[in-house]
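A.B. asks: Shown below is the structure under consideration.
Bear in mind these aren't lab numbers, they're just calculated from the coordinates by the rules spelled out. Here the structure is a predicted model, which means the values were calculated and not measured. FYI the Cβ positions are ideal-geometry reconstructions off the backbone, even for glycines, and counts take in every protein chain you see.
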């Protein structure tokens, strides 16, 4: 059985290319990207084009927000208590 070497000569992967390097390139010889947004809009003729993203808060995010708010308020009140205590003892 004879090996067909013509397809190897046309490949962008060298003869000594490893399987890993070929797989890392997704086994694609050539990327042909022909996008035309003008043709799309000419064909579909949309009256308007908008984009919106709705983000909903999940239970975990809400819980963590309340915990961090509580922690911040605790630290703030402790600092205020120390400031009030020190200022009252300095004035006396």
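A.B. asks: Which order do peptides 46-53, 60-67 fall in by mean Cβ count within 10 Å, highest first?
C.D. replies: Values: 46-53: 5.0, 60-67: 10.0.
The densest-packed peptide leads the list: 60-67, 46-53.
A.B. asks: Same structure again: Could you list log10 I(q)/I(0) for the stretch 41-92 at q = 0.32 Å⁻¹, which the Debye formula gives when each Cα is one point scatterer?
C.D. replies: -1.09
A.B. asks: How do 82, 54 line up, fewest other C-beta atoms within 10 Å first?
C.D. replies: Ranked by crowding around the Cβ, least crowded first: 54, 82.
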